[in-house]
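**Q** Dropping a structure here in structure tokens format, bear with me for questions.
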Amino acid sequence: MFEDDDDLDPIERHNRLRQMPIFLKAEEILQLVHHLVKSVENSDIKFRRDGEKEMLEQYLDYLMENSMIIPAKIAGAEGVEIYDLKMENATIIRKAARELITDARGIQMLGFKDTEYLDLLRKEVEEFRILFAEWVKTFDPWDYIIDRWGLFNPPGINYDDHDPDDDIPFDPNNFPEEFFDDDYEGDSFDEDMDDEED
């Protein structure tokens, strides 16, 4: 994220996100895919086998879905500080970007002849890949919580390591007495929440 991002209001944060080169490239890819899908839908493809029309429609759906996932997950990664959450978003972005190429190849194999769009998409995804790799290098691996699934821990941190936060002592004096009452059901808290919703 940007320096002093915590001081930004949501509109300023949104504006900063929309200026990031990786986000701008993701939006370009989204627009390109939109035009590609329209071009495929308007072309006269001669299908050779049963089911190919349905396969083509599925590829087009995947193209649109993957192209929409990318900017959404960039925003998601920029909205958090914790390393494993950033990496989780980044992994989904990488998968979606790679699938764009697979989807484009499938469309071509089914008979779409306008390879200009497909070549342009490949070029844009390759440019995006470089921006993505540089962006991921900005993630702070030491702003983390232990990933108990073992995927996104900093070097030297294992999924089964002891979490130092577990050593923070529990002080019952930090809670109201009624919290420890056997009859306490949290009604007053629930009522407070209901009042806030009204």
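The values are calculated or read from the model by the stated rules, or taken from the named source; none is laboratory data. Quick caveat: nothing in here was measured; it's all calculated off a predicted structure. Here Cβ is always computed from backbone atoms with ideal geometry, including for glycine, and neighbour counts include all displayed protein chains.
**Q** Across region 116-125, what is the total count of residues that are of a type outside the set (A, V, I, L, M) and surrounded by 13 or more Cβ atoms within 10 Å (Cβ to Cβ)?
**A** Number of matching residues: 3.
**Q** Do any residues in region 145-166 that are closer than 20 Å to residue 90 by Cβ and basic (Lys, Arg) have Cβ atoms under 9 Å from those of residues that are surrounded by 11 or more Cβ atoms within 10 Å (Cβ to Cβ) and at pLDDT 90 or above, where the two are at least six apart or on different chains, and which pairs are they?
**A** 148/159
**Q** Next up: Evaluate region 26-36: report whether one residue or more is of a type in the set (D, E, K, R) and more than 29 Å from residue 146 (Cβ to Cβ). So that I can check it myself, show each step before the final result.
**A** Pass one, region 26-36, residues of a type in the set (D, E, K, R): 27-28.
This time we only want the ones that are more than 29 Å from residue 146 (Cβ to Cβ), so: 27-28.
Taking every residue of region 26-36 in turn, at least one turns out to be of a type in the set (D, E, K, R) and more than 29 Å from residue 146 (Cβ to Cβ).
**Q** Suppose we keep only residues that are of a type outside the set (S, T, N, Q), closer than 26 Å to residue 129 by Cβ and without any contact (Cβ under 8 Å) to a residue 24 or more places away in the chain within region 19-64. Which one would you say is surrounded by the most Cβ atoms within 10 Å (Cβ to Cβ)?
**A** In this case the residue turns out to be 24.
**Q** Then there's this: Go through (1) touching a helix residue (DSSP H, G or I) at 6+ places or on another chain (Cβ under 7 Å); (2) without any contact (Cβ under 8 Å) to a residue 24 or more places away in the chain for residue 119 and report which single condition fails.
**A** (1)
**Q** Examine region 84-95 for a residue that is modelled with pLDDT under 95 and out of contact with any helix residue (DSSP H, G or I) (no Cβ under 9 Å at 6 or more places or on another chain), and state whether such a residue exists.
**A** yes
**Q** Right, another one. Is it the case that region 92-114 has a residue that's within 18 Å of the chain's Cα centre (by Cα), surrounded by fewer than 20 Cβ atoms within 10 Å (Cβ to Cβ) and closer than 22 Å to residue 19 by Cα?
**A** Among the residues of region 92-114, at least one is within 18 Å of the chain's Cα centre (by Cα), surrounded by fewer than 20 Cβ atoms within 10 Å (Cβ to Cβ) and closer than 22 Å to residue 19 by Cα, which makes the answer yes.
**Q** Oh, and also: When residues of region 135-159 are filtered for being touching a helix residue (DSSP H, G or I) at 6+ places or on another chain (Cβ under 6 Å), charged (D, E, K, R) and closer than 29 Å to residue 19 by Cβ, how many remain?
**A** Filtering region 135-159 down to residues touching a helix residue (DSSP H, G or I) at 6+ places or on another chain (Cβ under 6 Å) leaves 135-136, 139, 141, 143-144, 147, 152.
Now narrow it down to the ones that are charged (D, E, K, R): 143, 147.
Narrowing further to those that are closer than 29 Å to residue 19 by Cβ: 143.
Summing the residues that are touching a helix residue (DSSP H, G or I) at 6+ places or on another chain (Cβ under 6 Å), charged (D, E, K, R) and closer than 29 Å to residue 19 by Cβ in region 135-159 gives 1.
**Q** Turning to a different aspect of this structure: Does region 174-192 contain any residue that is surrounded by fewer than 11 Cβ atoms within 10 Å (Cβ to Cβ), modelled with pLDDT of 85 or more and part of a helix (DSSP H, G or I)?
**A** no
**Q** Can you tell me which residue among 159, 144 is surrounded by 10 or more Cβ atoms within 10 Å (Cβ to Cβ), in contact with a Gly (Cβ under 8 Å, 6 or more places away or on another chain), in a loop (DSSP other than H, G, I, E, B) and at pLDDT 75 or above? Can you show your working first?
**A** Values: 144 fails: in contact with a Gly (Cβ under 8 Å, 6 or more places away or on another chain).
Going through 159, 144 in turn, just one is surrounded by 10 or more Cβ atoms within 10 Å (Cβ to Cβ), in contact with a Gly (Cβ under 8 Å, 6 or more places away or on another chain), in a loop (DSSP other than H, G, I, E, B) and at pLDDT 75 or above: 159.
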